[in-house]
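Here is the structure we will look at, set down as C-alpha cells.
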Amino acid sequence: MAKTHLTDEEKTQIIDALNQDTEPPPELMSKLFPHVAEKYDVAALDRAKIATLEYAGKRSEAAILNQTSSVENGSPLQVERCFEKGSPSGQTQLDLVAYMQKEKTDWMNLIVQGDNLQFLKTCYQNEDPLIKDKVKGKVKLVYIDPPFATKSDFVAKEGEDSYSDKIDRAEFIEGLRERFVYIRELLHPEASLYLHLDYRMNHYVRVLLDEILGRANFMSEIIWKRTSAHSDAKNYGNVHDIILFYTKSQSYIFNAQYTDYSIDHKMKRYRHKDSDGRLFTDGDLVATGLKGGGYKYNWKGMTKEWRCPLETMERYEKENRLYYTKAGLPRIKRYLDEVKGNPVADTWVNIFPVNSQAAERVNYPTQKPEALLERFISASSNPGDLVMDVFA
C-alpha cells in the first residue's frame, strides 16, 4: 500500500470529521486515497466529456501533487550570491531572510540553478523561508521555452554542451504535464502562460493545456516567423515557431500592443504637415448619411449637418485642429504622433529591428530575441508583477 504522507494537522482534521459523522475536507481525500483519486480524476474528465491524451505513464493530477509531501517536498533553496547593496553576500539563506526582515526589503529577482521540477515542488509546498508566501498564487506571467522533442543535443559555436533534447513522445509529454500542474498552482487568478514550441509537439501539448488550464482559457496560437524563407526539396521550408497563449481565468491582464505603421502607409495616409512639422491626415466632419444625423448650423458661410456641435467646432478651431480644403470645407486633423499604430495580431514577423539579434548574440543555440520576450511581458504583466521562466 502507498503511504499517505498526511501531516499531523491533516490527520486531526480527518479524525475530527469522522468523530462528528461528517465528510473530511475534499482536498484531503486525494492524500488519504491517492489511488482512488486517480480514478476519480479520470471519471470526472469522462463525465465532463473533455478530450484528453492517454499514454503510458500518465498519472492523475492528485498523484503528481501528492509527491510534495513532508518527505518529498522539492529542494531547499541555498543562497549563493546576492547582488543588492548591503546584503550578506555568500551567506546562508536564513541570513538573507533575516537581513530582508531587518531592512524591510525583499528580493526583486531570483535566479535558481537546478532542476526546475524540484523548484516547482518547493514553491508549491510554500515552506522554504526564502519564497514562503511570495510565489505560490502570486505569479502573474509565465513564459516557457522548453526543449522541442527534437531528439538532438545542442551545442554552442565554441563546442560547449548547452542542453540535451532527446526525450520524446510520452516521456516528453508527461514531463511537461507534470510541470504544468505545479505551475497552475502558482498562478495568480489574473495570470497568463505563454508556451513556446514548434510543429513537432504543439498539437499534443495544446490538448494537455486544455485539460489543465481549461479549454475556455485558451486565448491564441501565435505564429512567430523566426527565420527567412529557405528551400526544402521535399517539403515546405519551416520558418516559424508556435506560441500558445493561455490564461488562468477570464479575468487576466492584457495590455494591447501596437506596431509602428510602415513608411509606405505613413506617406500615403499622413500627407499633410503643420508648420511645426507634425504629420496629419484629415477626417470628415460632415454628418451626411451618418446614422442618427448631426448638428445643423452655419460655419464660416457653410450651413450643413455637422458631426459635432458648434461649441466643439469652435474648440477645434481654437486648438488648430481644423484643416480646410480648397473649397473651404473644414475637416478634422488626426496627427500621426497621437495614434498608437497597428494592433498586434497573432502572426509576428520582424518584431525586432534589423541586426538587433546580432548585437544580442551570445552563441547559445535556440536563443530568442529580447524583443520577443519584451512583447510578452509588456502585454501580460504590469510593473512590479512576478514573472517566471522555469526553462531559462
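Read the figures in this text as sums done on the coordinates, not as results from a lab. Remember, predicted model here, so these are calculated numbers, not experimental data. Neighbour counts run over all protein chains shown; Cβ positions are idealised from the backbone, glycine included.
Summary of computed values
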item	result
Largest-first ellipsoid semi-axes for segment 247-346, taking √(5λ) over the Cα gyration tensor eigenvalues, angstrom	32, 20, 12
Scaled radius of gyration (Cα, divided by 2.2 N^0.38 Å) that segment 202-285 gives	1.78
Peptides ranked, highest mean first, by Cβ atoms within 10 Å: ranges 136-147, 108-119	136-147, 108-119
Radius ratio Rg over Rh of segment 178-325, counting only Cα atoms, Kirkwood formula for Rh	1.22
Among the listed pairs LYS11/LYS138; LYS58/LYS138; LYS134/LYS340, those beyond 31 Å (Cα-Cα)	LYS134/LYS340
Over segment 247-308, relative contact order from alpha-carbon pairs under 8 Å, at least 6 apart, %	19
